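The values are calculated or read from the model by the stated rules, or taken from the named source; none is laboratory data. Given the structure is predicted, the values throughout are model-derived calculations rather than measurements. Every residue, glycine among them, receives a Cβ derived from its backbone with ideal geometry; neighbour counts consider all protein chains shown.
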Amino acid sequence: MKPAPFEYAAPTTLDEALSVLSRGDGDARPLAGGQSLVPMLNFRLGGPATLVDLNAIEELAFIEPTADGGLRIGAMTRQVALERDPSVRRAAPLLAEAAPSIAHAQIRTRGTVGGSLAHADPAAELPAVLLALGARVRIARRPRDGESDGRVERSLPLEDLYLGPFFTALEPDELLVEIAVPGLRPGEGTAFEELARRSGDYAIVGAAARVWLRADGACEEAAVSLINAGPTPCLLEDAAATLRGVSPTPERIEEAAVAAAEACEPAADMHGSEAYRRHLARLLTTRVLLRAVGRARERVA
Ligand SMILES: Cc1cc2nc3c(=O)[nH]c(=O)nc-3n(C[C@H](O)[C@H](O)[C@H](O)COP(=O)(O)OP(=O)(O)OC[C@H]3O[C@@H](n4cnc5c(N)ncnc54)[C@H](O)[C@@H]3O)c2cc1C
């Protein structure tokens, strides 16, 4: 099928793109890598009056190290850059570890980091991984009636972006412009693992973990997120709470994994029952926590 007719805008600056969106009466839609949006348009799952192509906006495609050892990632950064850029491997090795599991190389070459976050697919790798890393998103729009001139911006913890399946807190006149990833501290380790039927397929279930150990070996902070195990990308707070303040022994890690498997809300489909997905949630949470703790121990100051 072909998409319904639409107007096409190809701005070259962020301000131009925000202006087109603000004039769109809620019916203009950003086009990033097009790897999710174009198939949806072809199936006529939604038909915006205007497509605002972000691909010529160079100021949205960047990866920049920050003073705290973290990263600023522009929304139009291609997913493939996460696996190739040495600053990502240094500052956020979890991103570099997970990126090759996103679809196929051809799709990662076009698909963007911002597009994946804004699409809000609970089966996508990047939302879960960036949740585990404690990332924030910067969002911009043009002023609305009664507001003074200039760009209006807000910054949200990534978890506040997700309101439901494929549904975010982004307003139709807003663009996700940047992702801020905190730096990895001494004593902090991360890990990622997923199970997919074939390389390049969406995960049946996946897990990401971040663990921060104090010098005495106890866990100061932990974060666990699951892929394709609930209606939205989400953190498993019960699992993380099991580890905070205690030594992350294999027994404690198993407790955390049980908590994750109980708290998640997987749905059955042709690739696996709910029980099978809970089993995978437990298994993969155990594995990523064990690896993250091992890596954290190597980095304790
Ligand atoms: C065959 C196939 C397999 C795939 N497998 C996987 C997989 O295993 N894992 C995975 O994570 N993904 C997978 N994908 C999806 C792929 O990663 C997409 O690239 C991604 O979901 C969307 O990114 P995009 O840049 O292509 O966004 P687009 O498709 O252009 O846009 C997606 C949505 O986000 C909105 N949007 C885009 N950018 C912004 C922005 N800056 N601000 C506000 N809204 C914005 C768009 O309006 C649209 O609603 C697959 C895709 C295909 C075609």
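Observations, loosely collected:
- Some residue of the stretch 46-57 being free of Cβ contacts under 8 Å to residues at least 40 places away in the same chain and either among the charged types (D, E, K, R) or over 19 Å from G111 (Cα atoms) (or both): yes
- Qualifying residue in the stretch 170-188 (condition: without any contact (Cβ under 8 Å) to a residue 60 or more places away in the chain, assigned to a strand (DSSP E or B) and more than 14 Å from the ligand (Cβ to nearest atom)): no
- Of the set (1) in contact with a His (Cβ under 6 Å, 6 or more places away or on another chain); (2) within 10 Å of the ligand (Cβ to nearest atom), all apply to I204 but (2).
- A61, sole failed condition from (1) touching a residue at least 60 places away in the same chain (Cβ under 8 Å); (2) among the small types (G, A, S); (3) touching a Ser or Thr at 6+ places or on another chain (Cβ under 9 Å): (1)
- The listed residues are E255, E265, and the only one of them that is of a type in the set (D, E) and either modelled with pLDDT under 95 or assigned to a loop (DSSP other than H, G, I, E, B) (or both) turns out to be E265.
- Filter pass, L71 being in contact with a Phe, Trp or Tyr (Cβ under 8 Å, 6 or more places away or on another chain) and hydrophobic (A, V, I, L, M, F, W, C): no
- Residue match in the stretch 214-237 (condition: within 30 Å of D269 (Cβ to Cβ) and part of a helix (DSSP H, G or I)): yes
- Meets criteria (among the basic types (K, R) and within 30 Å of A118 (Cβ to Cβ)) for R244: no
- Check on V129, crowded, with 24+ Cβ neighbours inside 10 Å and either in contact (Cβ under 8 Å) with a residue 60 or more places away in the chain or not aromatic (F, W, Y) (or both): yes
- The set of residues in the stretch 5-27 being in contact with an Asp or Glu (Cβ under 8 Å, 6 or more places away or on another chain), of a type in the set (A, V, I, L, M, F, W, C) and crowded, with 16+ Cβ neighbours inside 10 Å consists of A9, L14, L18, L21.
- Scan of the stretch 156-169 for residues that are more than 16 Å from the ligand (Cβ to nearest atom) and among the charged types (D, E, K, R), ordered by number: E159
- Residue count for the stretch 268-301 under the criterion of being surrounded by 16 or more Cβ atoms within 10 Å (Cβ to Cβ) and modelled with pLDDT under 95: the result is 2.
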